[in-house]
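Just below is one structure, and these are the notes that go with it.
The values are calculated or read from the model by the stated rules, or taken from the named source; none is laboratory data. Quick caveat: nothing in here was measured; it's all calculated off a predicted structure. Cβ placement follows ideal geometry from the backbone for every residue including glycine, while neighbour counts extend to all protein chains displayed. Protein only, heavy atoms only, side chains kept; ligands, DNA and RNA dropped before computing areas. Shrake-Rupley method; radii C 1.70, N 1.55, O 1.52, S 1.80 Å.
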Amino acid sequence: MTERVDVAVLGTGLFGAAVAFHLAREGSLRVVAFGTAGDPSRPSGTAASAGILTLQGWDPWDLAIVRESLVEYRWLAEEEGVESVRRNGGVRVARTDEGVRWLQRVQSVLEREGTEATLLGAEAVGELLPFADLGDVRAGLYTPDDSVVHSTAVHEAYLRADRRVGVDLRLGDGPPEVTSTPASEWRIEGDSGVIAGALVVATGAWTKQWLTQLGSPIPLAPFRAQALRARPRPLLAPFPTLHDLDLNLYVRPASLGRVLAGDGTGVQEENPAEWNPDADGPFVEHTLASLSGLFPGLPSIHVEASWAGLCTASPDRFPLVGRVPGGNHLYVATGFNGFGTMRAAALARRLADGIRFDRWEPLRPADPLRFPASLAPFEPHPEFPLESDDEKSWPPREGAASVTAPPSHPAEVGNRVHFRILSVTAEIDRLQWTPLSEWFDPLLPLFAKDAIRTGGTVEVGEEDGLVRGLRLSGSSEGVGSGFTRTRAIAERYLGRMEPGGIYLEEAWRSGGELVEVFAADLRDWVSEERIRNPVRIARPQDFPKMRELMRGELGPGVDTWFATLPRAEETAFLCEVDGRAVGVSWLSRVGAYARGHSFLVHPRFRGLGIGSDLLTARMLWLRSTGGRQVVSEIYDGNAASRTAAERAGMALVGRMYHFRPSQ
Ligand SMILES: Cc1cc2nc3c(=O)[nH]c(=O)nc-3n(C[C@H](O)[C@H](O)[C@H](O)COP(=O)(O)OP(=O)(O)OC[C@H]3O[C@@H](n4cnc5c(N)ncnc54)[C@H](O)[C@@H]3O)c2cc1C
């Protein structure tokens, strides 16, 4: 049986998934999207992306595209509960007169278009990136709305949204066979046949081949781009994405305190069936050397992963999105020139509107009809940075599009997510978790079990059997903890707070008090502090005196927790003076992951270095027993805890928020 649909989408990368969503939302069109697993050794463009969204100033139309995409990704991530857009800001730096002039011109365009952009001197740039040595920089252009996304998380969110709005996703192993019918429709033969009134080709680097095969070639050139992820010591808190125009390098913060860096791009055309997915040795060496030069304050930078991916170039570096010249009901989305992540959402929405309403003006600069089909082959010249220094193309044309609101969502999340209270620890082992927290994911099952053991409440929010939210309450301080990436779930948590409020990892609303997150990777950790006070691992017979010390500082609520001890996951470090417990620090551990907690020193014994000794001992033990990552929260701006953590080799890596019930 051959099924009839309105539109078939070929390719389910970021763009294919996004356009399928926009075509099908509000039940407007019947859409089938065909994906292929592809060659597992070669990542798709989406999987390779560095995920940087730069509010560039080379063209108002393109600027509006990036702004719209930002709005949509933020909305989508919060709706679908994936890692959100991080508004970390961006700074482009230049050291030459020419570079400074160029930054000034870009700033004038951004200001004209209502995008905040500030020109800074070297000192102010240094304040944005305190670990970097940018003393020789002449100027920097700071754009606070620049953001980063996890490209594969956004992609996953679109695929989930696709299913929700009724897109028929067919993810096969190989490419389906596509032919046009005498009635100017498209026949797609996968596992079962489909006749589609229109065909969208969004096959990334393969687009040139497929369109040629369909008899409608357009000028395109796939090229390689490379990136790497590195682990600095110390791990870093989020910082503004740095684009160094002179070094031809970008560096953005990545999750878990890492950095992600890349440079411009390859300049030769690649064959999508044969290209090399490994980063070149010279690229890795050069990038690492540039990072070490830029960040001399970091004692070590360890490359964890490096890779290449394919992008597609167009002759004029503008995308090619719209009707295919000479094609019948044939549409394409390609030619992103290395900037497809920041453009996909807005271009996909416009392409869907074009197909639905025959409205093409909003896509005019990307119109594939601007080139003759017989254009001579060309070399990719993607260039880094984005903005052209070509006097002829300056000033950029007028005509920015307005930023539209995110699309309305078809189903209330509250109706999709099922909440239940868990009361026995065995239930925790049966949960199917999704990523909920950057730093605490490996520890969440333990937190949930601890809450049950100490008489607290554990509530999970599940969708299709997958955990999308975890709320723990009943702690000794009367403050709950919530872990979720879904806005509607976070709103529920904020609406049902305990008297002491709730800790959440995202700034879901304003007014949250900051909680600092400190962490270290034990694989790079070097002991720099000499231990001066006697510290040892506590034994169960030490618990009574430790409890007494902790009760004095934290109140009687600690009793219920002590009643669950000893347990294999909990290790305590103890400092005694004359047989009396004067300092403790605890570690909860799940495999290689640990959380330091309940760290305190008796007030009379502060200032003697006992705090940093307790933490250093904890680090030494963790490293010697194969620990990899340790994380701790520091509440109420506790300066002593902060100093002790830093002395022990931990670093500020992020923030959480303490929301209190409104008065
Ligand atoms: C190293 C690197 C860093 C980058 N960094 C950034 C960045 O920081 N910011 C930014 O904006 N952009 C960045 N990009 C660009 C961005 O990743 C891409 O432009 C974007 O992801 C392209 O998405 P896509 O859906 O068009 O293509 P893809 O993600 O490649 O998806 C195409 C899909 O089509 C499938 N396919 C192929 N043939 C067929 C067929 N016949 N039938 C069905 N399916 C088929 C493929 O398997 C693939 O899954 C980067 C790219 C690279 C390589």
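Observations, loosely collected:
- Cα gyration tensor category, rounded, prolate or oblate, for segment 238-281 with a/c compared to 1.5: oblate
- If R0 equals 25 Å, the separation of the Cβ atoms of VAL71 and ARG370 corresponds to a calculated FRET efficiency of about 0.35.
- Whether segment 120-210 is rounded, prolate or oblate, judged on the alpha carbon gyration tensor where a/c under 1.5 counts as rounded: prolate
- Our estimate of slack between GLU513 and THR625, defined as 0.36 nm per intervening residue step minus the Cα-Cα distance, is 36.8 nm.
- Working note: Karplus 6.51/-1.76/1.60 with θ = phi - 60° gives segment 197-202 the couplings x, 8, 10, 10, 9, 9 Hz, where Gly and Pro are set to x.
- Estimated FRET transfer efficiency (GLU26, THR179; beta-carbon r; R0 35 Å; 0.05): 0.70
- Its DSSP H runs of at least 4 residues, each contributing -39,500 (n - 2.57), put the calculated 222 nm mean residue ellipticity of the chain at -8000 deg cm²/dmol, to the nearest 500.
- Once both labels are positioned 7 Å from their Cα atoms along Cα-to-Cβ, the gap between GLU123 and ALA47 label points is 4.9 nm.
- Residues of segment 21-62 with amide N under 13 Å of a point placed 7 Å along Cα→Cβ from ASP6: 21-32
- Protection proxy ranking of 637-644, 176-183, by the mean of other Cβ atoms within 10 Å over each peptide's residues and highest first, is 637-644, 176-183.
- In this simple spin-label model, placing a label point 7 Å from the Cα along the Cα-to-Cβ direction at both LEU608 and ASP464 gives a separation of 5.8 nm.
- For the chain, a crude dipole built from +1 on the beta carbon of Lys and Arg and -1 on the beta carbon of Asp and Glu, taken about the Cα centre, is about 1640 debye to the nearest 20.
- Calculated FRET efficiency, ARG359 to ALA592, Cβ-Cβ distance, R0 = 60 Å: about 0.65 to the nearest 0.05.
- 3J(HN,Hα) couplings calculated from phi for segment 81-97 with the Karplus curve 6.51 cos²θ - 1.76 cosθ + 1.60 (θ = phi - 60°) are, in sequence order, x, 10, 3, 7, 5, 9, 8, 9, x, x, 9, 9, 10, 9, 10, 10, 4 Hz; Gly and Pro show x.
- Applying the Karplus relation 6.51 cos²θ - 1.76 cosθ + 1.60 with θ = phi - 60° to segment 644-657 yields 3J(HN,Hα) values of 4, 5, 5, 4, 7, x, 9, 9, 5, 10, x, 9, 10, 9 Hz, where x marks Gly and Pro.
- Among 535-547, 5-17, 498-510, 321-333, the order from most to least packed when residues are scored by Cβ within 10 Å on average: 5-17, 321-333, 498-510, 535-547
- The residues of the chain have, on average, 41 Å² of accessible surface per residue, using a 1.4 Å probe with all protein chains present.
- Surface composition of the chain: carbon and sulfur atoms hold 50% of the protein heavy-atom accessible area at a 1.4 Å probe.
- Rounded if a/c under 1.5, otherwise prolate or oblate - segment 53-154, Cα gyration tensor axes: oblate
- Extension gain (nm, one decimal) between VAL284 and ASN638, 0.36 nm per residue minus Cα-Cα: 123.5 nm
- Put a dot 7 Å past the Cα of ARG660, heading toward its Cβ, do the same for SER527, and the two dots end up 4.1 nm apart.
- Test item: Cα-centred dipole of segment 500-595, Lys/Arg +1 and Asp/Glu -1 on Cβ, debye: 380
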